[in-house]
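Below is one structure; the comments refer to it alone.
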Ligand code: KET
């Protein structure tokens, strides 16, 4: 008896499959600008010294490895709240935030999605057009309808804020609005502080629930600066979700270090929410990863490690900015008739290049330069050894 023959073959994930294809490409000069991973100027994925030191401390302690509580490590949860909201924020001191350590921010996004399906069953999710592909997959996988709101304006390489606001203003009450807190993936186009200030009253008026994704904290303008929208939202008193990741900011992708926070009306509500989030985790993966908690709580909590981390994040952000400027310079010199200013204004790891699928295919096939087919470039894959070649290849296919 065959029971699985009817299965549809998995087409693979567009980002992860491309990264696999890159690894298999035998060409020595190949350039990986596909997956959202930070590489240093030598093209290596860094292991930050603060992370090494935290791990050395853990090894020296040689502590047992019990199951963590369902909600994760207490020191990590406290450190996450202070990092996102600021330790003195009224929402933190008032105890109205339910925070869990999760299996990466992906784990947090999915736990939040399952919670919404169970406790806000009529709510649909609205994501930006475009967004990280997995957002749709995760919410649909939780059984929640997913729709889009306008976001990227291809004619300017910027934000279609007017159209975005118009659509958000028309959503049914209790709709979930997924928002990138900084460093939008895939476009690199963010709302500025004034635009968040315009959006928040609309969320309030329409009784909408924000769901923030903060996967690139520190890669935009700074660690605290990139949490500005989170803090504006918390100060507004509105309820919202936020999934945050340490994968990129601490370069610990495979450790699966992330968290989910739900900002509530008061402490009693936060306790109820935390309880049901724990129920969701227990029936999914039971409890999160102890090694990830050890790294994050030490790096955020130990003043010396914290200072090292902040310096590392600054260096990573500034290196990306330098690559943006160099790419912009070479492309502008080669193709003076075109405006590449978007490389300078877009923030974070990604830029939306405006290259078509066919042009991306040519880049990969003829030049060994890998971008996601939407035209998304991971600028953090550029370095002083490949930026010139990348710009020349782009100029050739444009
Ligand atoms: N949110 C966003 C916006 C995001 O880009 C990623 C990963 C995640 C969440 C997941 O992060 P984690 O905390 O590690 O679960 N994005 C990159 C990798 C991937 O697709 O998985 C990417 O877009 O290339």
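The values are calculated or read from the model by the stated rules, or taken from the named source; none is laboratory data. This structure is a prediction, so every number in the text was calculated from the model and none was measured. Don't worry about glycine lacking a Cβ; one is built from the backbone with ideal geometry, like all the others, and counts go over all protein chains shown.
Keeping to segment 275-286, report how many residues are surrounded by fewer than 19 Cβ atoms within 10 Å (Cβ to Cβ) and in contact (Cβ under 8 Å) with a residue 12 or more places away in the chain.
Filtering segment 275-286 for residues surrounded by fewer than 19 Cβ atoms within 10 Å (Cβ to Cβ) gives 275-276, 278-279, 282-286.
Filter once more, so that each one left must be in contact (Cβ under 8 Å) with a residue 12 or more places away in the chain: 276, 278, 282, 284-286.
Summing the residues that are surrounded by fewer than 19 Cβ atoms within 10 Å (Cβ to Cβ) and in contact (Cβ under 8 Å) with a residue 12 or more places away in the chain in segment 275-286 gives 6.
Screening segment 202-226 for residues that are surrounded by fewer than 15 Cβ atoms within 10 Å (Cβ to Cβ) and more than 25 Å from residue 265 (Cβ to Cβ) and picking the one that is nearest to the ligand (Cβ to nearest atom) gives 225. For residues that are within 29 Å of residue 354 (Cβ to Cβ) and out of contact with any strand residue (DSSP E or B) (no Cβ under 7 Å at 6 or more places or on another chain), scanning just segment 139-156, find the one that is surrounded by the fewest Cβ atoms within 10 Å (Cβ to Cβ). The selected residue is 155.
Of the helices (runs of 4 or more DSSP H) lying entirely inside segment 45-118, the ones with 1 or more residues being within 16 Å of the ligand (Cβ to nearest atom) are found at 49-61, 74-85. Scanning segment 227-264 for residues that are farther than 18 Å from residue 123 by Cβ, within 13 Å of the ligand (Cβ to nearest atom) and either touching a helix residue (DSSP H, G or I) at 6+ places or on another chain (Cβ under 9 Å) or in contact (Cβ under 8 Å) with a residue 40 or more places away in the chain (or both) yields a total of 15.
Just for helices (runs of 4 or more DSSP H) wholly inside segment 312-398: which have at least 1 residues that are farther than 30 Å from residue 50 by Cα and within 16 Å of the ligand (Cβ to nearest atom)?
Numbers: elements: 342-345, 357-367, 387-397.
Correct list: 357-367.
Only one entry of 22, 39 meets the criterion of being more than 20 Å from the chain's Cα centre (by Cα) and within 15 Å of the ligand (Cβ to nearest atom), and that entry is 22.
Only one residue in 72, 12, 36 is buried (at least 17 other Cβ atoms within 10 Å of the Cβ) and on the phi > 0 side of the Ramachandran plot. Which one? Steps first, please.
Working: 12 fails: buried (at least 17 other Cβ atoms within 10 Å of the Cβ); 36 fails: on the phi > 0 side of the Ramachandran plot.
After ruling out the rest, the residue left standing is 72.
Within segment 300-329, the set of residues being under 13 Å from residue 382 (Cα atoms), touching a residue at least 40 places away in the same chain (Cβ under 8 Å) and in contact with a helix residue (DSSP H, G or I) (Cβ under 7 Å, 6 or more places away or on another chain) comprises 320, 323, 324, 326, 327.
The rows are residues; the columns are (1) surrounded by fewer than 14 Cβ atoms within 10 Å (Cβ to Cβ); (2) within 12 Å of the ligand (Cβ to nearest atom); (3) at pLDDT 95 or above.
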site: 133; (1), (2), (3): no, yes, no
site: 137; (1), (2), (3): yes, yes, yes
site: 162; (1), (2), (3): yes, no, yes
site: 168; (1), (2), (3): no, no, yes
site: 192; (1), (2), (3): yes, no, yes
site: 200; (1), (2), (3): no, no, yes
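Within segment 119-131, being within 16 Å of the ligand (Cβ to nearest atom) and either farther than 22 Å from residue 350 by Cβ or part of a strand (DSSP E or B) (or both) holds for 125, 126, 127, 128, 129.
The listed residues are 77, 44, 118, and the only one of them that is more than 26 Å from residue 212 (Cα to Cα) and modelled with pLDDT of 95 or more turns out to be 44.
Checking the condition more than 20 Å from residue 90 (Cα to Cα), surrounded by 24 or more Cβ atoms within 10 Å (Cβ to Cβ) and modelled with pLDDT of 95 or more, which residue from 257, 229 passes? Exactly one residue qualifies, and that residue is 257.
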